[in-house]
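Beneath this line is the structure, given in structure tokens, with notes to follow.
The values are calculated or read from the model by the stated rules, or taken from the named source; none is laboratory data. Quick caveat, the model's predicted, so the values are computed rather than measured. Backbone-built Cβ (ideal geometry, glycine too); neighbour counts: all protein chains shown. These accessible areas exclude ligands, DNA and RNA; they are computed on the full protein's heavy atoms, side chains included. Shrake-Rupley method; radii C 1.70, N 1.55, O 1.52, S 1.80 Å.
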Amino acid sequence: MTHESLSAPWDFSAREALVLNPRHISQSRHGWDVEVSAVELASLAAGPDAARVLGARRGFLGGTPVNLELAALLRERPESFGWAHRIVLGADEVHLPEFAGRGFSPVLHIFGVECIDGFQRLRILAEALAALGPEHLARSTVRLEIHCGRFRDVARALHDDGHRLVNATTAQDGLIRCPNLRALMAGDWEKEGFFDPRRGVSAGPHRRCFTMREVTRGLACLSPLPSLEAVHLASTDEGLELLWAGAGAPLYLGVFHDRMSPLGVVRAVEAYAGAREALRKLPGWMRRGAGLLIDYAPDLIAGRACRGLLPFEELHVEAGSRHDWRELIEDRLPGVIERTAKELIGRYEVVHRARGGKRTYKDEAGLIDVWRDILR
């Protein structure tokens with residue numbers, strides 16, 4: 001197949017073979033494992049009827065977030081594109097002609113091609129050919145699985161139900177790749193204690209457990225960052241996902257830095273839990289008007305109070321701390337929470353009026369701009 005012929009849709013006429021020049025090929029009883037230049041597959045899904053003719057599970061989905069990521073990967077790092085999963089094909093027959101002499105590259109003839117999985121990637125290759133050119137696509141090696149006979153039926157059935165056999169990936173899953181968190185996992189958690197970015201923390205004589213949400217919010221409250229931006233981001237589940245997904249970003253490294261220790265994590269989560277418990281116990285008369293800040297922006301108050309009282313620069317010091325953290329958290333933090341709440345409620349009342357007072361406290365109190373105005 002020449003580069004000149006690649007811009008035209010694949011000819012699916014009867015017994016027309018897809019001819020590939022593999023860079024690597026191996027055969028097992030289940031089928032063929034093939035590595036091939038992406039440029040050789042660029043015409044396979046080029047036609048408007050390609051999804052139907054190839055028997056794909058679904059047509060091209062267009063500019064979905066995943067497809068945009070794949071297109072960007074092909075454009076920016078073509079050498080990595082082929083590692084984003086294999087493309088799985090079914091075939092009526094696969095022929096690998098044998099040549100008598102040396103120096104011949106293997107040529108694979110595939111008859112009756114079916115796309116079992118990977119149509120989105122095939123279509124992205126087809127669209128990229130015109131925009132990027134064959135020389136660019138030739139830098140990418142695509143991995144193929146090709147199945148015939150009953151193994152083709154097995155592969156099709158498994159991939160058709162594949163979404164039920166794969167755990168959805170979240171930003172929290174990626175935390176285990178963070179070197180700072182991996183070092184924390186290997187720390188001394190005493191006896192049967194542990195830290196795991198998926199399960200959270202189990203520590204202390206009573207083996208109290210904290211979720212990764214509580215760990216993150218506690219560390220954000222007592223981070224060395226100069227502002228409460230990370231506290232705000234961590235205060236909602238959506239914000240947590242953004243924070244966790246931002247490995248290497250300043251806010252992320254301000255929360256999950258390389259000086260963390262097991263004792264520091266326990267102190268942070270206990271301080272955060274103590275602050276939230278003290279907020280819960282504040283009297284109802286404080287929760288009127290601007291006092292709804294207690295309900296709609298509790299982490300603003302918690303973060304401000306914790307930083308005002310606790311020596312966060314010594315949070316992760318495991319030996320030789322000059323402070324009694326338990327006394328600070330259990331005895332003094334509740335009073336600081338109440339005083340901080342009154343102070344910030346007073347400030348919020350002024351901010352709310354200055355902003356016109358048109359939005360409800362519920363809609364307004366959690367906005368980062370409002371937090372900045374209150375703390376200004």
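Taking the conditions (1) in contact (Cβ under 8 Å) with a residue 12 or more places away in the chain; (2) crowded, with 17+ Cβ neighbours inside 10 Å in turn, R259 satisfies each one other than (2). Of the residues making up the stretch 201-234, those that are among the hydroxyl-bearing types (S, T, Y) and either open to solvent by 40 Å² or more (accessible area, probe 1.4 Å) or part of a strand (DSSP E or B) (or both) are S202, T211, S227.
In this structure, is R23 open to solvent by 20 Å² or more (accessible area, probe 1.4 Å) and either modelled with pLDDT of 90 or more or closer than 13 Å to Q120 by Cα (or both)? For R23, the condition - open to solvent by 20 Å² or more (accessible area, probe 1.4 Å) and either modelled with pLDDT of 90 or more or closer than 13 Å to Q120 by Cα (or both) - is met.
Of all the numbered requirements in (1) open to solvent by 30 Å² or more (accessible area, probe 1.4 Å); (2) more than 30 Å from D258 (Cα to Cα), G133 misses one, and that requirement is (1). Restricting attention to the stretch 160-170, does a residue exist that is open to solvent by less than 90 Å² (accessible area, probe 1.4 Å) and in contact with a Phe, Trp or Tyr (Cβ under 9 Å, 6 or more places away or on another chain)? Looking through the stretch 160-170, at least one residue is open to solvent by less than 90 Å² (accessible area, probe 1.4 Å) and in contact with a Phe, Trp or Tyr (Cβ under 9 Å, 6 or more places away or on another chain).
I need the full set of residues from the stretch 349-363 which are assigned to a helix (DSSP H, G or I) and either in contact (Cβ under 8 Å) with a residue 40 or more places away in the chain or surrounded by fewer than 16 Cβ atoms within 10 Å (Cβ to Cβ) (or both), in order please.
Across the stretch 349-363, the qualifying residues are E349, V350, H352, R353, A354, Y361, K362, D363.
Regarding the stretch 192-205, can at least one residue be identified that is within 18 Å of the chain's Cα centre (by Cα), under 22 Å from L240 (Cα atoms) and in contact (Cβ under 8 Å) with a residue 60 or more places away in the chain? I'd like the intermediate steps shown before the answer.
From the stretch 192-205, those within 18 Å of the chain's Cα centre (by Cα) are 196-200; that's our starting set.
Those left that are additionally under 22 Å from L240 (Cα atoms): 196-200.
If we keep only those that are in contact (Cβ under 8 Å) with a residue 60 or more places away in the chain too, we end up with none.
Looking for residues that are within 18 Å of the chain's Cα centre (by Cα), under 22 Å from L240 (Cα atoms) and in contact (Cβ under 8 Å) with a residue 60 or more places away in the chain, one finds none in the stretch 192-205, hence no.
Taking the stretch 101-183 and the helices (runs of 4 or more DSSP H) fully enclosed by it, the elements with 3 or more residues that are more than 27 Å from A245 (Cβ to Cβ) and free of Cβ contacts under 8 Å to residues at least 12 places away in the same chain are at 149-160.
With the requirement that a residue be among the acidic types (D, E), within 31 Å of the chain's Cα centre (by Cα) and within 26 Å of S26 (Cβ to Cβ), what does the stretch 104-147 give you?
Within the stretch 104-147, the first condition is being among the acidic types (D, E), and the residues that meet it are 114, 117, 127, 135, 145.
Still in the running and within 31 Å of the chain's Cα centre (by Cα): 117, 127, 145.
Those that are among the acidic types (D, E), within 31 Å of the chain's Cα centre (by Cα) and within 26 Å of S26 (Cβ to Cβ): D117, E145.
With over 31 Å from the mean Cα position of the chain (by Cα) and modelled with pLDDT of 95 or more as the only criterion, which of G346, G303 stands out? Please lay out each step first, then the result.
On the way: G303 fails: over 31 Å from the mean Cα position of the chain (by Cα).
G346 is the lone residue from the list that is over 31 Å from the mean Cα position of the chain (by Cα) and modelled with pLDDT of 95 or more.
One residue stands out in the stretch 68-77 among those that are in contact with a helix residue (DSSP H, G or I) (Cβ under 6 Å, 6 or more places away or on another chain) and in contact (Cβ under 8 Å) with a residue 12 or more places away in the chain: the one that is nearest to E135 (Cα to Cα), namely L74.
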